[in-house]
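This report concerns only the one structure given below.
Coordinate-derived values only; no laboratory data. Note that the structure is predicted; figures quoted are calculated from it, not measured. Glycine gets a Cβ as well: all are built from the backbone with ideal geometry, and neighbour counts include every protein chain shown.
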Amino acid sequence: MIAKETKLKGCFILEPKIFEDSRGYFFESFNQNTFNKLIGQNINFIQDNESFSVKGTLRGLHYQNGEYAQAKLVRVIKGSVFDIAVDIRKDSDTFGEHVSLELSEANKKQLYIPRGFAHGFVVLSDTAIFSYKCDNFYNKESEGGIIYNDESLKIDWKSREDKFIISEKDLMLPKLKNTQL
């Protein structure tokens, strides 16, 4: 596996080594020792989540606050998404900046998103199965979010906004400047 740190400190793109032959392929999607060595931290994932979404579904931008903040390792099992991680660490030199990339069943890339980031994605394929490894348990009282189209974030979602399918809850999220981080 190869890990490349993004422009946002602590946020990594991971690319597995894929072994292909006439039968198909094999790759190691996660190895705790390898992962921790590559990112230079000791992360212990304790919860796995999976979502299924249809084309145009936009989920995010979500985060957890305080003692329930979560680091995530995300990947697509089926389909493709355009994935976004936004640095919301107030003391960070890259506060309010984001990284984006396509995650797909074809490229098998993963994104490690450290604590202190908001995360979201939009589905590009007809359907997508999205997997999240989290290093902390979800806590409803600690959840937060930022509206996907906050102009201060300058996110190009690479999709037509009039085709987005967004939950009522996500449409009510505040702008970054109005969040309580």
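Each peptide in 15-22, 30-37 receives the mean, over its residues, of other Cβ atoms within 10 Å, and ordering these scores from highest gives 30-37, 15-22.
Taking a straight line from the alpha carbon of residue 140, these aspartates and glutamates sit under 15 Å away, with near neighbours fewer than eight places off in the same chain left out: 67, 170. FRET efficiency for the residue 91 to residue 21 pair, using the beta carbon distance and R₀ = 41 Å, is estimated at 0.25. Which residues among the range 13-54 fall inside the zone where the amide N is under 17 Å from a point 7 Å beyond the Cα of residue 78, along Cα→Cβ? Counting only backbone N, you get 49-54.
Run the numbers on the range 1-138 and let me know its relative contact order in percent, using alpha-carbon pairs under 8 Å that are six or more apart.
On the way: 316 pairs, mean separation 48.1, N = 138.
Normalised by residue count, the contact order of the range 1-138 is 35 percent.
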